[in-house]
Structure formats: structure tokens, C-alpha cells
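In what follows, a single structure is set out as C-alpha cells and then discussed.
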Amino acid sequence: MKTLKPLNGNQSIAEAARQIDPDVIAAYPITPSTAVVETIAQFKADGLITGEFVCPESEHSAMSVCIGAAAAGGRVMTATSSQGLALMWEMLYIAAGLRLPIVAAIANRALSAPINIHGDHSDTMGARDSGWIQIYSENCQEAYDNFIQAFRIAEHPDVRTPVLVGFDGFIISHSTEIVEVEDDEEVRQFVGEYLPLYPLLDTSRRFTVGPIDFTDYYFEHKRNQIEGIENSPRIIEQVGQEFGQRFGRYYGFIDAYRLEDAELAIVVMGSAAGTCKDAIDELREEGLKIGLLKPRVFRPFPHEIIAKALKDKLAVAVLDRSSSPGAFGAPLFNEIRSALYDYEKRPKIINYIYGLGGRDIKIEHFKEAAQNLVKIATTGRIDSYVGYLNLRE
Amino acid sequence: MKKETWRELTIGTINLNAGNSVVNLTGTWRSGRKPEFRPEHCIHCFFCWLYCPHFAIKVEGEKIAGINYDYCTGCGLCAEECPTKEKAIVMVPEEIKLAERRK
């Protein structure tokens, strides 16, 4: 039976981890995801989980433990943020290259310098080409739901690719909400038993994991790896539907809010989508035909779904909670603009960078973006492709 | 040997043909010097065998029997680790014969 519990984002992840009870949990605590690791450590001390809990000397080692444990045949998870994810960098690529279905909970946080512990997407956006599937959450409930689904997606035989679940640091990780926590047994049944393909602990077969490739094989192995994430959309869709059938909350690639008949659209990922919905309601009341598109999955990028949802709009503002210095706009903007290229009829599209280092984004800032969209839709002219919201100019 | 396409490869870089390094003659990496075995000084302590990164120390019965030059890269670890006063393995200059190497 499902229960309603007051949980913050970190506790929601820890609660899901307790229910799934992975074979190995290896993590090095870092703000703002510390409480994920701390709560799991408490569960372990209280005998509520049976998995091995390993606390190594760094995040690089934590991901290394995950890789070793996953190669051995275990179901494995970790949690980290910001510099911690950055320190895992080389191991992230190895986890993906070895097709190990590790699941990581990332309380999104800004990267140094300057040092800052608050929420933005710089950490996971920095890992966007590492080969990991990336799912972003809007609130504690989504963090909990996404984390449970992540195991099913990662472990599917056609995918076998690591998954990270992002949830905004502090805004989600430390804010308490009423979360629908599903029955332990139901969650276990949903996640199911994990069957590793080539566990190193199986000594009946001889094989090598992670051998060196020279110019004659590296390219083929990378292409072979890409196939896993290319196969994943079908599985992400299927898992989201099954989750909905069992628990009543359905998941897809995007969340569209009052978008169908909208002429203007705002695209935003993560916790800011909640605020944006309120802004959309107010703007609608003011007579503006505007809607929200919230991507849930960033890797694999659902380019067709997003393009179809946006192609008939007049003007679109894509909001990124990270910057890509020197690039033409930030990551989400790049992807969406590119996705719309093949459509003859397509909207004017601009980029806003917002919320770096935990800077607030309020209803008034969404309205500021909306006013600019009105101007662009009316005049057909774009003054600046990349703007900044709530920044002192 | 026909090389697999990306579709034919096993997932996650797994190589099911374990031990296939036997066809890779790492001895072709050797340049300029090689270890020479001097059995009269050998006490059969197996240090060379233990330290050799390429399993290039030959063993017959329970005794060190020389160097397998097909796999010896000439790194010199065996000579360095040899503990006898008069070394049982010494590094000596080796002329590289490209024509032979390509065989």
C-alpha cells in the first residue's frame, strides 16, 4: 500500500534506494547530496538494507567501486553533486563504455570557481557526452519515481547503459514535500531481479573486461556502445508507461503544460518548471497564449518529440540552468534549435541562461522572457539570441 | 583474420576470446637491448619470472630455463631484480633486424 511521507529530495532517493536495496552502494558524501549517502548509511546501520555500503576516499574511487562491483555482476548505485561528479569524470566514460548499468542520483549543483554549493545544471551538463542517460526531476516525487525507473532502464538488456537522475540541489534536495511512497514489495516487483550479462564472478566462463583497443577496434566498440543509448527511447517510454499502470503516475520524455494551443512557449528543465507553470497561468489570465515544455530526458535527447511540440509556435524561449562558454547558447538551446532545423515552419527561438549558483528564478523572470517572446512574435526581430535572467547588468 | 563489425562485437568491450594475447608478439617492441640468461649464476629464485610483465621467462621443470624472445620487450626488470652477486640475467645490446621482425 502506498503511504504519504514528508520527504526532501535526498530522503526520497534514499527511500527508493532502501526499497530497491542494490547489491553495492559506493558513495563519497558531498553537499547537497550528502543526505542521500547519510540516510543510506543509517539504513545500513539499522539493518534495513542488505547491500554492501562502501565509503571510499573520493568520488573518483566511488565510481571506480561502482564499476568494479557492476562488472562483478552487482546492481549498483551512487549519489553525488558538482565537484564530486566532476571528479568522477573519467570513470563516467568507462562505466558507459563497459555498458555497466550503474544508477547515480545527482543533486545538481554549480561547479567551482567561484565555489558555490547551490543548484544549477553545470555538473550534469558537463557529463552530457559521457554516454550516460540523463533524467531530470521537477520535485521530490519525480526524483523518487525517476530513480526507481532508472534501474529498469539501465538494466534492460537492449540498453545496459548507466543512468543518472538529476534533481536540483537545495531546491529539491533540501525541500520537504509530501511524497507518495509506494509499497516496498511493489517497488521490488517493479524493479525486478537483475541478471548481469557477463558477471566477472561467473568463473565458468573465461573473458576479458575492458581490454585495450587500437585503431582497428576502438571505433567499432564505441559504435557498439552508442547502440545501447540509441535503443533506450523505446525502453524509457515502456518503463514510464508500466510505472504509470502500476503506481498511477505516468512518465514520458516531456511534460507539456498548456502548450497545445499556445503560440509562445517556454522550455525549462528541473525544479524551475514548477514556478514556470504558475507564471504560465498568470500570463494566460492576462490573455497571452503561452505554454511550457519541460524535457524530462536530456540524454537520449528526444529531438523529434520536442520539435513536433514546438514547430508550430511563433516564438520559443529555451531556458538553460548552465552555460557553455564560447558556444552559441547553452546545451538545451543548442539541441532544440538543431532539432527544429528540418521543419520548414519553425518558431523564432532564443536562449536564456538563468539560476547559476542557485540564483532564484521567479514568476516575474518568466514574464520578462514572455514579454520578449511577444515582441519577437510581433516584429519578427531578435535583438539578442542569448540573454540572462535575474542577472545584475 | 577477419575483424568483426561493430554489430558482431560483444557488448561492453567484453572479449570472450580470453588469452588471445598469445598471438601478439610483444617481443617486436624490443629495441636496442635484450636480456641474456647466464645459467651458471642462476639460483632459481624465480624473481625474474615473478617480475616479468610479459611472462617471457621460460621455465622447465622447476627451473628457470631462459628468455622467450617472442614476448620479451627488453624492459630490463628481470636483470634489475636478479639478486645474485654475479647476475644471472644481464642486458646486452641487440641489433634490430627489421626484415626479420616483419616475418
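Numbers below:
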quantity: Proxy reagent accessibility, fewest Cβ within 10 Å first, across B:25, A:319; calculated: B:25, A:319
quantity: Neighbour net charge for residue A:368 - beta-carbon separation under 15 angstrom, K R +1, D E -1; calculated: -2
quantity: Of A:222/A:348; A:289/A:345; B:2/B:34, pairs whose Cα-Cα distance is over 26 Å; calculated: A:222/A:348; B:2/B:34
quantity: Least to most buried among B:46, B:37 (fewest other Cβ within 10 Å first); calculated: B:46, B:37
quantity: Dipole moment magnitude, nearest 20 debye, segment A:1-76 about Cα centre, only Lys, Arg, Asp, Glu C-beta charged; calculated: 300
quantity: Residue-averaged beta-carbon neighbours from other chains (10 angstrom radius) around A:213-221; calculated: 3
quantity: Net charge over other residues, Cβ less than 13 angstrom from the Cβ of residue A:382 (K, R count +1; D, E count -1); calculated: +3
quantity: Computed E for residue B:2/residue A:383 - FRET, C-beta separation, R0 41 angstrom, nearest 0.05; calculated: 0.10
quantity: For segment B:26-101: Kirkwood Rh in Å [reciprocal of mean 1/r, alpha carbons]; calculated: 12.5
quantity: Shape box of segment A:3-247 [Cα atoms, principal axes, largest first, Å]; calculated: 53, 45, 35
quantity: Disulfide-incompatible cysteines by the Cβ rule (no partner under 4.7 Å) in the protein assembly as shown; calculated: A:55, A:66, A:140, A:276, B:42, B:45, B:52, B:72, B:75, B:82
quantity: Ranked packing of A:63-73, B:9-19, most packed first, by mean Cβ within 10 Å; calculated: A:63-73, B:9-19
quantity: Kirkwood estimate for segment A:1-56, i.e. one over the average of 1/r between Cα atoms, Å; calculated: 11.5
quantity: Computed Kirkwood radius, in angstrom, where 1/r is averaged over Cα pairs of segment A:138-196; calculated: 12.7
quantity: Residues of segment A:136-176 with amide N under 16 Å of the 7 Å Cα→Cβ point at residue A:226; calculated: none
quantity: Ordering of A:74-84, B:56-66 by burial proxy (mean other Cβ atoms within 10 Å per residue, highest first); calculated: A:74-84, B:56-66
quantity: Other protein chain Cβ atoms within 10 Å, averaged over every residue that makes up A:200-206; calculated: 1
quantity: Fewest-first ranking of A:132, B:49, using other Cβ atoms within 10 Å as the exposure measure; calculated: B:49, A:132
quantity: Order by protection proxy (mean Cβ within 10 Å, highest first), peptides B:81-91, A:270-280; calculated: A:270-280, B:81-91
quantity: Which of A:298, A:78, A:103, positive extreme of dipole for the protein assembly as shown (C-beta unit charges); calculated: A:298
quantity: Filtered GluC sites (Glu not before Pro), segment A:140-242: DSSP coil and at most 10 other beta carbons within 10 Å; calculated: A:193
quantity: Estimated [θ] at 222 nm from DSSP helical runs (n ≥ 4, -39500 (n - 2.57)) normalised by residues in chain A, nearest 500; calculated: -12500 deg cm²/dmol
quantity: Selected from B:23, A:253, A:37, residue furthest toward positive end of dipole (the protein assembly as shown; charges at beta carbon); calculated: B:23
quantity: Spatially proximal aspartates and glutamates relative to residue B:58 (Cα-Cα < 17 Å; intrachain offsets below 8 disregarded); calculated: B:36, B:40, B:70, B:81
quantity: Whole-number Å³ per residue for the convex hull built on Cα positions in segment A:254-388; calculated: 101
quantity: q = 0.10, 0.14 Å⁻¹, the protein assembly as shown: log10 I(q)/I(0) [Debye, one scatterer per Cα]; calculated: -0.82, -1.29
quantity: Segment A:321-362 and segment A:117-147: distance between their alpha carbon centers, rounded to Å; calculated: 17
quantity: FRET E, pair residue A:55, residue A:212, Förster distance 45 Å, beta-carbon r, rounded to 0.05; calculated: 0.90
quantity: In segment A:33-82, GluC sites (Glu not before Pro) in a DSSP loop with at most 12 other beta-carbon atoms within 10 Å; calculated: A:57
quantity: Convex hull projection area averaged over all views, segment A:76-120, Cα basis, nm²; calculated: 3.2
quantity: Exercise: per-residue mean of other protein chain Cβ atoms within 10 Å, B:2-11; calculated: 5
quantity: Dipole magnitude of the protein assembly as shown, debye to nearest 20 (Cβ charges: Lys/Arg +1, Asp/Glu -1, about Cα centre); calculated: 1480
quantity: Positive-end extreme of charge dipole, chain A - chosen from A:217, A:10, A:329 (charges on Cβ); calculated: A:329
quantity: Pair residue A:261, residue B:16: separation of 7 Å Cα→Cβ label points (nm); calculated: 5.8
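Here, each number is a calculation from the coordinates, and none is a lab measurement. Just so you know, these numbers come straight off a predicted model, no measurement behind them. Quick reminder, even Gly has a Cβ in these numbers, built from the backbone with ideal geometry, and neighbours come from all protein chains shown.
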